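Here the structure comes first, spelled out in structure tokens, and everything after it is commentary.
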2 protein chains.
Amino acid sequence: MATTPISGRQKNRRQENEKAILWAAERVFAEAGYGGATMQLIADLAGLPKANIHYYFQTKEELYRRVVSNIFNIWLEAAAFDETASPAEGIGAYIDAKMDLSRTHPHGSRVWASEVMHGAPIIQDYLEDVLIEWTEGRIGVIQNWIDQGLMNPISPRHLLYLLWATTQHYADFGHQIETLNNGEPLSDAQWEDAKNSVKAIVLTGIGVTDPHRGV
Amino acid sequence: MATTPISGRQKNRRQENEKAILWAAERVFAEAGYGGATMQLIADLAGLPKANIHYYFQTKEELYRRVVSNIFNIWLEAAAFDETASPAEGIGAYIDAKMDLSRTHPHGSRVWASEVMHGAPIIQDYLEDVLIEWTEGRIGVIQNWIDQGLMNPISPRHLLYLLWATTQHYADFGHQIETLNNGEPLSDAQWEDAKNSVKAIVLTGIGVTDPHRGV
DNA sequence: AAAGTTCTTGACCAAACGGTCAGGAAACCG
DNA sequence: CGGTTTCCTGACCGTTTGGTCAAGAACTTT
């Protein structure tokens, strides 16, 4: 009775090992890039022999693809906005959500950025399917807001690019930001400051003022 | 007399070869990352045997360092703003200049982004010396504008980050933007559109309106 | 034209890479 | 328990990598 014979012990182990490998792979791919990452480094960080990594993920590319698609799904699920909200609420909440993602998932953001920067050789299909559809949906929402006179008539597409660029910058260029912050990571207060600054510029820029603040 | 025996023929050749190698290296590093780039690929693209590359640049790291520092210098020289201009003129021109750089030097921008994203292992000294100084100077300029009441009191630092992020996004994520543009590169008109959209959001966002346009 | 310097290059390493495999250990199931 | 499947891993392999080298070609200088 000391060792409770849990049914599905193997299944648990499998999940844990896959999780550990994906966790390690995300970090190694983020720090070294796809080409610079080695299966040995991933194995060491995951605390498993290299051959075991290949038992769960047959090739480096398969492992990488899993890492990238995980990130993409997190990003899609965690951050969206729809037409039920006002522009100030919708875009404000989107900025908050994406800034939080940059803080909690910086490695993932960097893997994604690296992949896109190098021409998206592995996940081009994601771009062409899911991302195009998502983007066109959001452009429609913003255009509706404009048509209803709820915000300035700026190009929805370029507004989206500005939002992506700015929020992800805090993850992708986190090292540069840290260097410009005396080598220290941003504190809680500094993250709040960053979020508020971005929201102040963008919400004013599109002609909606934060309803909870006078100027 | 058919072949004019130019003195310094070797010197010319040296310059041309170094130029060709740096040109090729910038592209290969941008497309494959530091780890994924191979000296053989660079050699092939430069049209020289691999051993010759090593004659001009002893190691891969030395070549890479030259590429990155070239980019950094172009970026510093081509884009700046000082207090002689108004915020609208200064920041507007800065956006124009950086957007143009993103269009004309996308590879360089990507190499720089990759390097910073992976923790700046090679050019950390640049970040700590030149970039910190440059940034603090620009923050001072913006703070002066704010103190004189010429623009809204937003955080100069986060405004800079937003400007860097947004303008460089058009180079670093150019592939994604292209995919979202039916696989076509942005046309001249679309680039103008992008520049105007960014300027419209940012200049309105900081409380200065483009003097040459009514709302 | 001879001597000296710089440049060029095919052939060649040692090291590191992604991936394989056989055979043993552990867990599951009847 | 015994049979079957799943999991684990040290040793190994072919390939590619960054880098070297020696011998010759090209250019410069005297």
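The values are calculated or read from the model by the stated rules, or taken from the named source; none is laboratory data. Treat the numbers as computed from the prediction; the structure is a model and nothing was measured. Neighbour counts run over all protein chains shown; Cβ positions are idealised from the backbone, glycine included. All accessible areas refer to the heavy atoms of the entire protein, side chains included, with ligands and DNA or RNA removed. Shrake-Rupley method; radii C 1.70, N 1.55, O 1.52, S 1.80 Å.
Each residue of region A:157-172 is assigned a 3J(HN,Hα), and the resulting list reads 4, 6, 5, 4, 4, 4, 5, 4, 4, 5, 5, 6, 3, 5, 8, 5 Hz, derived from the Karplus form 6.51 cos²θ - 1.76 cosθ + 1.60 (θ = phi - 60°), x at Gly and Pro. Determine, at each q value in 0.12, 0.16 (inverse angstroms), the log₁₀ of I(q)/I(0) that the Debye formula gives when each Cα of region B:67-205 is one equal point scatterer. The Cα Debye sum returns log10 ratios of -0.51, -0.89.
Entry note, region A:1-151: relative contact order of 25 percent, from Cα contacts under 8 Å with a spacing of 6+ residues.
Listed values for region A:94-110 are Karplus-derived 3J(HN,Hα) couplings in whole Hz (6.51 cos²θ - 1.76 cosθ + 1.60, θ = phi - 60°), namely 5, 4, 4, 5, 6, 5, 5, 4, 4, 7, 8, 10, x, 4, x, 4, 5, and x replaces Gly and Pro.
Checking the cross-link filter: which lysines have an alpha carbon closer than 22 Å to that of residue B:60, excluding same-chain neighbours under 8 positions apart? Within the straight-line limit of under 22 Å, residue B:60 reaches these lysines: B:19, B:50. Amide H contacts for residue A:122 (H built 1.01 Å from N in the peptide plane; partners 5 or more residues away or on another chain; cut-off under 5 Å): none found. Computed from protein heavy atoms with a 1.4 Å probe, the total accessible area buried between B and A is close to 4400 Å². Taking all protein chains together and rolling a 1.4 Å probe, residue B:151 ends up with roughly 10 Å² accessible.
Note on A:163-171: average number of Cβ atoms from other chains within 10 Å of each residue's Cβ is 5.
In region A:1-137, the convex hull through the Cα atoms has an average projected area of 11.6 nm², a quarter of its surface area. Taking all protein chains as they are arranged and a probe of 1.4 Å, the heavy atoms of residue A:169 leave approximately 10 Å² accessible to solvent. Of the solvent-accessible surface of region B:8-58, computed with a 1.4 Å probe and all protein chains present, 48% belongs to carbon and sulfur.
The convex hull of the Cα atoms of region A:59-116, projected and averaged over all directions, covers 4.3 nm².
Close amide H contacts of residue B:207 (hydrogens built in the peptide plane, cut-off under 5 Å, sequence separation of 5 or more or a different chain): B:152. Within 10 Å of the Cβ of each residue in B:120-128, the mean number of Cβ atoms contributed by other protein chains is 2.
Based on protein heavy atoms only, the protein assembly as shown ends up with 49 Å² per residue of surface accessible to a 1.4 Å probe.
Could you please report the charge total around residue A:31, scoring K, R as +1 and D, E as -1 over all other residues with beta-carbon less than 15 angstrom from its beta-carbon? Summing Lys and Arg as +1 and Asp and Glu as -1 gives -4. So how tilted is helix A:188-205 from the main axis of chain A? Cα-based, degrees 0 to 90, rounded to 10. Between helix and principal axis, roughly 40 degrees. Listed values for region B:50-57 are Karplus-derived 3J(HN,Hα) couplings in whole Hz (6.51 cos²θ - 1.76 cosθ + 1.60, θ = phi - 60°), namely 4, 4, 6, 4, 6, 6, 8, 10, and x replaces Gly and Pro.
Shown for region B:67-205: the carbon plus sulfur share of the solvent-accessible area, taken with all protein chains present and a 1.4 angstrom probe, equals 48%.
With Cα atoms defining each centre, region B:50-87 and region B:15-48 are spaced 14 Å apart in the structure.
Compactness ratio for region A:6-58: Cα radius of gyration over 2.2 N^0.38 Å (N = residue count) comes to 1.19. Taking the Kirkwood radius as Rh and the Cα radius of gyration as Rg, the protein assembly as shown has a ratio of Rg/Rh equal to 1.01. Which net charge results for the neighbourhood of residue A:173, defined as the other residues with beta-carbon distances under 11 angstrom from its beta-carbon, given Lys and Arg at +1 and Asp and Glu at -1? It works out to a net charge of -3. For peptide A:27-35, the mean count of partner chain Cβ atoms within 10 Å of a residue's Cβ comes to 4. Estimated from helices alone, the mean residue ellipticity of the protein assembly as shown at 222 nm is -22500 deg cm²/dmol (sum of -39500 (n - 2.57) over DSSP H runs with n ≥ 4, per residue). For residue A:195, the lysines whose Cα falls under 21 Å of its own Cα, not counting residues fewer than eight places away in the same chain, are A:98, B:199.
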